[in-house]
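Scroll down for the structure; my scribbles are underneath it.
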Amino acid sequence: MKKFAMLVALSLSSVALADEAAPAEAPELKAAKDLATKYLTAVKAKKWADAKKLLHPKTLESIAERKKRMGKEDHPMAPWYHEKVDYYLKDFKVVGGRPGPTESSFVIEASEDNFQVEDKGIAEGEKSTYLVGKKDGKWYLVDKKRGEDFTNDSIKLGYKGWFDKIEKKEEAAPAE
């Protein structure tokens, strides 16, 4: 019995040490992950109005422009369109994230299980990345890529003016 108690105590202290050693997540990255989770939860529940409220205004403009030009909302951030013809989200897990090339942008990684409409089966663990950013002080979902990643260059070039410009604070010169 003593050995068991010692093993339990050792295990618990190992867990506590691992928790202390884990680096704290930056508040901005946590906010971006939380927004992606909120969005994916709405998409999974097929609450399209709730999901749309989290989309960047320029993303909504892009979706509307595609509908006008092509007659359909075929856009990665229009899951209500894909639900009927391609796939819909059954489950997800946010698995990571990293800062984007601007101080107000982040790339969030998710593992998704999607029901494939034509195949009538679930594709498990599909990699998706979401571009998340701040505009006018508010967090938005900007875009999605399935099976690939956003590069810093693609974000800088493809999304100019989509994010708040955050001025880096100049460090005061040392007094002489």
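For the peptides 105-113, 42-50, residues were scored by their other Cβ atoms within 10 Å and the scores averaged per peptide; the highest-first order is 105-113, 42-50.
Among the GluC sites (Glu not before Pro) in the range 120-165, those located in a DSSP loop and surrounded by at most 12 other Cβ atoms within 10 Å of their own Cβ are 148. The HN-Hα couplings worked out from phi for the range 130-137 by the Karplus form 6.51 cos²θ - 1.76 cosθ + 1.60 (θ = phi - 60°) are 10, 8, 10, x, 9, 9, 6, x Hz, whole numbers, x standing for Gly and Pro. Annotation: amide H of residue 95 within the under-5 Å range of 109, 110, 111, sequence separation 5 or more or interchain, hydrogens built in the peptide plane. One decimal place: the segment residue 29-residue 86 gains 17.4 nm when fully extended, by the rule 0.36 nm per residue minus the C-alpha distance.
Among 84-90, 114-120, 139-145, how do they line up by average Cβ neighbours within 10 Å per residue, starting with the highest?
Those peptides, ordered most packed to least, come out 139-145, 84-90, 114-120.
Here the 3J(HN,Hα) profile of the range 70-83, calculated from phi with Karplus coefficients 6.51, -1.76 and 1.60 at θ = phi - 60°, is 10, x, 8, 8, 6, 9, x, 9, 10, x, 5, 6, 5, 4 Hz, Gly and Pro shown as x.
Every read-out reported here was derived from the displayed coordinates using simple, explicitly stated rules and does not represent laboratory data. Keep in mind that this is a model prediction, so the values were computed, not measured. Note that each Cβ is placed from the backbone with ideal geometry, even for glycine, and that neighbours are counted across all protein chains shown.
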